[in-house]
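Participant: Have a look at this one.
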Amino acid sequence: MQIKKLLSLPSRTGRDLQRYNQGFRQVVGCIPYRYRKTSKSHAIQGALIEEVEVLLISSQKSTRMMFPKGGWEIDEDVQLAASRETLEEAGVIGLLGEKLGEWIFKSRSQEKFHEGSMFPLLVTEELDVWPEKDVRTRIWMTVNEAKKVCAHWWMKEALDAFVRQFTCMQRKEEGPLASCRLEYHRSEESRMSIGGAQNADEEVDYYLIS
């Protein structure tokens, strides 16, 4: 199914086709991202390093910000479900990357456990009209800004995974001699690390170090 065909359809609702795994409702979503050249960009062998922005959306019922996600249904594979939910909620289309991971979390509204999977999505088209335009706001922001405002701990962990994946991807593209690593800056200490468990409520800033 071509993803653009879904533009003429309303957002899916109801749970008749919902997938479950050992009692956990399965949900999927994306971290939509794009490259933005800034004045802070610097050259490596004549090429500009481009800053990454990610797209967050508001909840339908509040101003809480999050990444697009929704139920994975039995008539679609996980990639289509992730792309569909992102189109319906955020109004963007793009290229899906490798899965960032899976998380078990408890729904705030239903007090039930869900199993969530997240993917990176490189945005190739940003639509002016989409199914949930009238009930959501979408905002592009830096990774650091997104880390601070995202309402869900598990989505913040998915963002951590996205940064690690993106950093590794950049290192591969720049060649074996390039040194590109992720630096975690905390107020009480400064250290460099890739991976490792983080407190879900802890604020962490990210920098790509070349």
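Participant: Quick one: Karplus J couplings for the range 84-90, per residue in order, coefficients 6.51, -1.76, 1.60, θ = phi - 60°, nearest Hz, x for Gly and Pro?
Facilitator: Each residue of the range 84-90 in turn: 5, 4, 5, 5, 4, 8, 10 Hz.
Participant: Also, quick follow-up: Under a point spin-label approximation (7 Å from Cα along Cα-to-Cβ), what is the Ser107-Tyr35 distance to one decimal in nm?
Facilitator: 3.9
Participant: Roll a 1.4 Å probe over the protein chains and send me the accessible area per residue for the range 48-161 in Å².
Facilitator: Roughly 44 Å² per residue, with all protein chains present.
Participant: Rounding to the nearest 20 debye, state how big the charge dipole of the range 60-147 is about its Cα centre with +1 on each Lys and Arg Cβ and -1 on each Asp and Glu Cβ.
Facilitator: Dipole size: approximately 560 debye.
Participant: Efficiency by 1/(1 + (r/R0)^6): what FRET value for Thr124 and Asp16, r their Cβ-Cβ distance, R0 = 22 Å, to the nearest 0.05?
Facilitator: For R0 = 22 Å, the calculated efficiency reads 0.10.
Participant: Test of the criteria: in the range 97-134, which GluC sites (Glu not before Pro) are in a DSSP loop and have at most 10 other Cβ atoms within 10 angstrom of their Cβ?
Facilitator: Passing sites in the range 97-134 are Glu98, Glu111.
Participant: Taking H placed 1.01 Å from N in the peptide plane, check which residues at least 5 places from Gly101 or on another chain put their amide H under 5 Å from its amide H.
Facilitator: Residues meeting the amide H criterion: Met118.
The values are calculated or read from the model by the stated rules, or taken from the named source; none is laboratory data. Note that the structure is predicted; figures quoted are calculated from it, not measured. In this analysis, Cβ positions are derived from the backbone assuming ideal geometry, glycine residues included, and neighbour counts consider all displayed protein chains. Heavy atoms of the whole protein, side chains included, go into the accessibility calculation; ligands, DNA and RNA do not. Shrake-Rupley method; radii C 1.70, N 1.55, O 1.52, S 1.80 Å.
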